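The values are calculated or read from the model by the stated rules, or taken from the named source; none is laboratory data. This structure is a prediction, so every number in the text was calculated from the model and none was measured. We place every Cβ from the backbone using ideal geometry, glycine too, and count neighbours over all the protein chains shown.
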Amino acid sequence: MATANNTVHGRIEQARAELTPAQMATGLALVVALGFALLFVQEPMVHDSMHNFRHAAGVTCH
């Protein structure tokens with residue numbers, strides 16, 4: 001694996017070459033579903049558990 005093409009543009013081009021349209025659609029659907037849940041689910045226990053999951057996944061949210 002070459003590290004010379006380690007840029008965002010390079011990663012996007014690699015994903016376009018290696019992923020099928022079905023895989024891209026599945027990934028996009030997952031991102032949309034998680035984004036919807038993170039934005040609109042405000043029940044305190046669910047919200048807190050998703051907040052903790054984001055931190056465990058390394059996502060900085062505040």
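Odds and ends about this structure:
- Evaluation of VAL46 against the conditions (1) at pLDDT 80 or above; (2) surrounded by 10 or more Cβ atoms within 10 Å (Cβ to Cβ) shows that the sole unmet condition is (1).
- Selection count where residues are modelled with pLDDT under 85 and not aliphatic (A, V, I, L, M), scope segment 1-10: 3
- Among the residues of segment 21-28, some residue qualifies, meaning at least one is at pLDDT 90 or above, under 18 Å from the mean Cα position of the chain (by Cα), exposed (fewer than 10 other Cβ atoms within 10 Å of the Cβ) and not aliphatic (A, V, I, L, M).
- Condition met for GLU13 (at pLDDT 80 or above and more than 17 Å from the chain's Cα centre (by Cα)): yes
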